[in-house]
Amino acid sequence: MFPEEIDVVTDVVANGDSLQDRVVLLDDRPYATWTLGGDYMFPSGWYLNLQWAHGLFLERGAGQLHNYLLSKLERQLFRETVTLTLK
């Protein structure tokens, strides 16, 4: 990701005095988000999907990214009319 810097400037005027505050919400340093994963169908019919994600789509900025382990275990039952899923 190659973000543009986003900052907020606040002007406060009180009793004739003026104060200005600048806060950087997102700096312009490049950062990477990625996902590594795989899936496997066991001979017994169970399906397993595992993913390791570094940064989700709502996370912005190099210092704001977290790691996530996502999983899904699934089995179809009763001639594939019912699917049991564990996430």
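The values are calculated or read from the model by the stated rules, or taken from the named source; none is laboratory data. Only a predicted model underlies this, so the values are computations on that prediction, with no experimental measurement involved. No Cβ is skipped: glycine too gets one built from the backbone with ideal geometry, and neighbour counts run over all protein chains shown. Quick note on the areas: whole protein, heavy atoms, side chains included, nothing else; ligands and nucleic acids left out. Shrake-Rupley method; radii C 1.70, N 1.55, O 1.52, S 1.80 Å.
Details
- Pair list, Cβ under 8 Å, 6 or more apart: the stretch 12-26 residue closer than 29 Å to R60 by Cα and of a type outside the set (F, W, Y), other residue open to solvent by 100 Å² or more (accessible area, probe 1.4 Å) and in a strand (DSSP E or B): V12/L19; V12/Q20; L19/D11; L19/V13; Q20/D11
- Residue among R79, R60, R75 that alone is open to solvent by 60 Å² or more (accessible area, probe 1.4 Å) and within 19 Å of F2 (Cα to Cα): R60
- Answer residue from the stretch 27-56, given it is touching a Ser or Thr at 6+ places or on another chain (Cβ under 8 Å) and farther than 17 Å from K87 by Cα and is surrounded by the most Cβ atoms within 10 Å (Cβ to Cβ) among those: G55
- Summed over the stretch 15-26, residues that are among the acidic types (D, E) and open to solvent by less than 70 Å² (accessible area, probe 1.4 Å) total 0.
Yes/no per residue for (1) polar (S, T, N, Q); (2) part of a loop (DSSP other than H, G, I, E, B); (3) at pLDDT 85 or above:
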site: V24; (1), (2), (3): no, no, no
site: L36; (1), (2), (3): no, no, yes
site: F57; (1), (2), (3): no, yes, no
site: Y68; (1), (2), (3): no, no, yes
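- Residue satisfying all of: in the stretch 8-56; of a type in the set (D, E, K, R) and more than 22 Å from the chain's Cα centre (by Cα); nearest to Y68 (Cα to Cα) among these: R22
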